[in-house]
C-alpha cells in the first residue's frame, strides 16, 4: 500500500490558557474541505456526512507552543448494503 501524504486540518493546537493541558485549543482550516482530495474522503453514514480525523501529539512543541495537530484520516469505510454486504 502506498503511503499517502498527510493532509493537515489544523497544525496549531496547544494547551488552553484557562484550563491547561486538559483542554487543547486551536483553529481548523475550513478551506481544506473544498480540496478535491479531501472531498473524496468524505462519506455518508445514516444520512449524515463524515470526515475522519486524527488528533496527534507533536514530539516537541512548535516555536509558537503548539503541542498537537489534526490530520485528516485517509481511511474511508467501504459502503455496505442493507444486509451488511460490501
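The values are calculated or read from the model by the stated rules, or taken from the named source; none is laboratory data. These figures come from a predicted structure and were not determined experimentally. Quick reminder, even Gly has a Cβ in these numbers, built from the backbone with ideal geometry, and neighbours come from all protein chains shown.
Results for (1) within 14 Å of the chain's Cα centre (by Cα); (2) assigned to a loop (DSSP other than H, G, I, E, B); (3) surrounded by 13 or more Cβ atoms within 10 Å (Cβ to Cβ); (4) without any contact (Cβ under 8 Å) to a residue 60 or more places away in the chain, shown as yes or no for each residue.
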residue	(1), (2), (3), (4)
15	no, no, yes, yes
18	no, yes, no, yes
28	yes, yes, yes, yes
37	yes, no, no, yes
60	no, yes, no, yes
65	no, yes, no, yes
70	yes, no, yes, no
75	yes, yes, no, yes
79	no, yes, no, yes
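Closer than 24 Å to residue 4 by Cβ, surrounded by 13 or more Cβ atoms within 10 Å (Cβ to Cβ) and free of Cβ contacts under 8 Å to residues at least 40 places away in the same chain: does that describe residue 50?
Considered against the rule, which asks whether it is closer than 24 Å to residue 4 by Cβ, surrounded by 13 or more Cβ atoms within 10 Å (Cβ to Cβ) and free of Cβ contacts under 8 Å to residues at least 40 places away in the same chain, residue 50 comes out as yes.
With respect to the numbered conditions (1) over 14 Å from the mean Cα position of the chain (by Cα); (2) in a loop (DSSP other than H, G, I, E, B); (3) surrounded by 15 or more Cβ atoms within 10 Å (Cβ to Cβ), which one is the sole condition not fulfilled by residue 41?
Every condition holds for residue 41 apart from (1).
If I filter segment 18-32 for residues that are at pLDDT below 95 and in contact with a helix residue (DSSP H, G or I) (Cβ under 8 Å, 6 or more places away or on another chain), do I get at least one hit?
Yes, because at least one residue in segment 18-32 is at pLDDT below 95 and in contact with a helix residue (DSSP H, G or I) (Cβ under 8 Å, 6 or more places away or on another chain).
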